[in-house]
Amino acid sequence: MAIIVTPITDDEKDTPKQDTTDPGDAPRRRLLRSRNERMLAGVAGGLADYLNLAPTLVRLGFVVAALFGGFGVLAYLVMAVIVPQDDGTGEPVRDQRPPIWAVILLGIAILVVLPGPFWGWDHGWGWIGPLWLLFLAAVAAGVYRLIAKRWPWQQDGGSRGGAPRAGAASEAGGGSGETATTEIQGDDAAGPRVARAIALVILAAAAIGAAFALALFSAWATATGSGAVIAGVVIALGVALAATAFFADARRSAPWLLAVALVMAVPAGAVAATDIEFDGAIGERDYTPATVTDIPADGYELGIGQLKVDLRGLPWADGTVVQAPTKLGVGQTVISVPTSVCVVGHADARAGELWARGESNAGVDPEFDRGDPPGRAPRLVLDSEVQIGQLVVTDEDPDKFDRDRGAFDDDDVHGGDDAGEAAEAAEACAR
Amino acid sequence: MSRSQLSALVSGLAIVVLGALLLLQTEGTIDVESGWMLAILAGLCGAALVASGVGARER
């Protein structure tokens, strides 16, 4: 147990003291993370000690539980965060932060588990995601501040925070020269410790999400022609980082400057190097032209999101040739045509999948090319580009597409019966 | 100059070079192929991280 050694005054000699060591008490069995029997965080070792089982057996239990939807992994991470570590004497190490890797992994798990609409990007509210993250981070930091009496980024003890450092001890002379042992200030209750750990995990989730959002923004800005601005910010961050070498007070900010610079520079560099460029618009676009003249000459364009072009309402007489160029940065394009329409032309992507009437090309730089067949079948001449994502050309209603599942509701379309639609497409082109 | 100061300086300069490279590429002044660009990115990021790691060890 962490203790502080402080001088005792004459008044204190006359008052009963709280001796927290309680040497006469029988040792209380507590669930702690083992200090000696550990492979990762000592959870299995501690649990084995608590349950009087062999550690290997408990580890095996976690592995088996991990096979059931990852429950074992999640349980291990949660325990690694909320169960305190043994200080070697059967007592918990006081005021110790949970393992940072477990906090980060749990934060990622939160981000993965959160439903898609949380991010807002599903509905074109690109700014909602970062705002939610900021809100989440502020709440988590506030909760941490209330419980731990210091901000999460503040060091334990010292003049910065309210709580003393774990395991800290100070010895002061003077007075009568006697010393007394008093328990460290702080909250030993499991509730606040668990709440603090949860706040820390939420904060990590918010930080990871914010880094992801910043990287995405950096890539998007570069792809939409604002790469010079991102480069300028990166250079400014580099200058600031180099300047910290000459200002001791600013040295603490160096890792943060480096992290932000890398989070911005790497995706921007990758986008610039691969020459990805697209329109800046974000969201979902639905187009349902009633006549061929309703289709704009330069086609339909979207930066990030879902582009749906429903051509089923056009008058598709025999010999009709329709061109509806589409260009998408990141996301999905769905073009719907009647079953009787023959799809020809060209489509390509930097990375992703092109699925045109049952024919699929996926991977890096996939292409779709189909020449004009003989006959007078009505035809759609594809001229589609997707930088990263998916192009779907189908005879289904584009609104049937289920974004969360990444497939149409009707299973016999995409992923269900590709051959069926491919046969229909071949029949349409053979007319 | 201490080792931590040197590491901050090196990682800062690496980031500046990274930014300059990014600026030249986006402005079309240079046209580095994607493979080389990614290799350069990785190298500069590595240098910055190693330099900051060395400084952190000393601190």
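The set of residues from the range B:35-53 being more than 7 Å from every other protein chain (Cβ to nearest Cβ) and of a type in the set (Gly, Ala, Ser) comprises B:Gly35, B:Ala39, B:Ala42, B:Gly43, B:Gly46, B:Ala47, B:Ala51, B:Gly53.
Taking the listed residues A:Asp275, A:Asp294, A:Asp310, the one that is more than 10 Å from chain B (Cβ to nearest Cβ) and either modelled with pLDDT under 85 or surrounded by fewer than 17 Cβ atoms within 10 Å (Cβ to Cβ) (or both) is A:Asp294, with no other qualifying.
Starting from residues that are under 33 Å from the mean Cα position of the chain (by Cα) and of a type in the set (D, E, K, R), keep the ones in the range A:14-42 and report whichever is modelled with the highest pLDDT. Ranking the candidates gives A:Arg33 first. For the range A:284-301, taking the residues that are out of contact with any Ser or Thr (no Cβ under 9 Å at 6 or more places or on another chain) and touching a residue at least 40 places away in the same chain (Cβ under 8 Å), the one that is nearest to A:Val330 (Cα to Cα) is identified as A:Glu284.
For the range A:177-192, check the following and say yes or no: at least one residue is within 32 Å of the chain's Cα centre (by Cα) and modelled with pLDDT of 65 or more. Yes; the residues of the range A:177-192 include at least one that is within 32 Å of the chain's Cα centre (by Cα) and modelled with pLDDT of 65 or more. Do we find a residue being modelled with pLDDT of 75 or more, surrounded by fewer than 22 Cβ atoms within 10 Å (Cβ to Cβ) and farther than 20 Å from A:Leu328 by Cα anywhere in the range A:378-389? Checked against the condition, which is being modelled with pLDDT of 75 or more, surrounded by fewer than 22 Cβ atoms within 10 Å (Cβ to Cβ) and farther than 20 Å from A:Leu328 by Cα, the range A:378-389 yields at least one hit.
Here A:Pro289 clears all of (1) more than 14 Å from every other protein chain (Cβ to nearest Cβ); (2) in a helix (DSSP H, G or I) except the condition numbered (2). Here is the figure for the range B:7-34: residues that are at the interface with chain A (Cβ under 7 Å from one of its Cβ atoms), aliphatic (A, V, I, L, M), more than 11 Å from A:Val234 (Cβ to Cβ) and more than 8 Å from the chain's Cα centre (by Cα) total 3.
Note on the range A:61-95: residues that are polar (S, T, N, Q) and in contact with a strand residue (DSSP E or B) (Cβ under 6 Å, 6 or more places away or on another chain) total 1. Out of all the residues in the range A:242-249, is one or more away from chain B (no Cβ under 11 Å) and within 28 Å of B:Leu44 (Cβ to Cβ)? Yes, that holds for at least one residue.
The values are calculated or read from the model by the stated rules, or taken from the named source; none is laboratory data. Because the structure is predicted, anything quoted here is derived from the model rather than measured. For neighbour counting, all protein chains shown are included, and Cβ atoms are generated from backbone atoms with ideal geometry for every residue, glycine included.
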